[in-house]
1. Using +1 at the Cβ of each Lys and Arg and -1 at the Cβ of each Asp and Glu in the stretch 22-158, identify which of M37, A135, A101 lies farthest towards the dipole's positive end.
2. Can you give the FRET efficiency for D197 and T77, using 1/(1 + (r/R0)^6), R0 = 30 Å, r = Cβ-Cβ distance, to the nearest 0.05?
3. Between A135 and S49, what length in nm is gained on full extension when 0.36 nm per residue of separation is reduced by their alpha carbon distance?
4. Compute the distance in nm between two label points, each set 7 Å from the Cα along the Cα-to-Cβ direction, one at S182 and one at R225.
5. Counting each DSSP H run of 4 or more residues in the chain as -39500 (n - 2.57), what helix-only mean residue ellipticity at 222 nm follows after dividing by all residues, to the nearest 500 deg cm²/dmol?
6. Report the calculated FRET efficiency for H58 and D95 (r = Cβ-Cβ distance, R0 = 35 Å), to the nearest 0.05.
7. Report, in cubic angstrom per residue, the convex hull volume of the C-alpha atoms of the stretch 136-231.
8. Take the Cα atoms of the chain, find their three principal axes, and give me the spread along each one in whole Å, biggest first.
Amino acid sequence: MNAVKGVRSTVDRAPFGFGRPFRPGRGTPRQNGPVLMVGLTGGIGAGKSAVASRLAEHGAIVIDADTLAREVVAPGTEGLAEVVAAFGPGVLAPDGGLDRAALGRLVFADEGARHRLERIIHPRVRARTAELAAAAPSDAVVVNDVPLLVEAGLAGGFDLVVVVLAAEATRVARLVRERGMSAQEARSRIAAQATDDQRRAVADVVLTNDGTLEQLHRQVDEVWRDRLARG
């Protein structure tokens, strides 16, 4: 299989940004034929990426929203031009690419600015996601790895929504250890996202990740066997 930018699978794991989910058999026709569309989400530090990787090992096609969000504002794209028009040349790095740290400082504490950025990024990510999903085999399990699935109100577009949860203290410790954040920065990032109660409200499956990686893998394996495996 050739590499597809933004997609991970068991064959190519190259490095997919969004409620009640619609469910076949509940009066809403499936819009993706036999392809099973799964939304995967969880707060920062909860372990969503580990779940995505395990699902890819089982054969799922994983579309990573963060990767696509970078792709749609790469140098030379219309997306980057719109970001610069909205936020000014100060969000450009010396090499002409997007200075994500500078943009983050502008939008993190400004809800209006964040919404402006989302109006640029999200439609492009959704369009690219649709392209990748349409190219999947007809019997595929397509897992959409979407950090802001709840915040963007996208749960209704999936056959199944999987939510990864972990205690705030666990998440803070991971962010400090693995991403070099201060504890205060980690708590601020967590507070800026949806709450666990909001995530549970759209979940079909909840995975708890306060233990070991092996314990998380056992939960994922059970979901694959009972809810996702085809044929």
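Each value in this text was obtained by applying a stated rule to the coordinates, not by laboratory testing. Remember, it's a predicted structure, so these values are computed and weren't measured experimentally. In this analysis, Cβ positions are derived from the backbone assuming ideal geometry, glycine residues included, and neighbour counts consider all displayed protein chains.
1. Result: M37.
2. Details: r = 37 Å, r/R0 = 1.22.
E(calc), rounded to 0.05, equals 0.25.
3. Values: separation 86, 0.36 × 86 = 30.96 nm, distance 2.27 nm.
Contour length minus the Cα-Cα distance gives 28.7 nm.
4. Distance between the two pseudo-spin positions: 4.7 nm.
5. Working: 9 runs with 98 residues, N = 231.
Dividing the helical sum by the residues of the chain leaves -13000 deg cm²/dmol.
6. On the way: r = 38 Å, r/R0 = 1.10.
Efficiency computed from Cβ-Cβ geometry: 0.35.
7. Numbers: hull volume 11.5 nm³, N = 96.
Expressed per residue, the convex hull around the Cα atoms of the stretch 136-231 is 120 Å³.
8. Principal axes ranked by extent give 52, 39, 34 Å for the Cα atoms.
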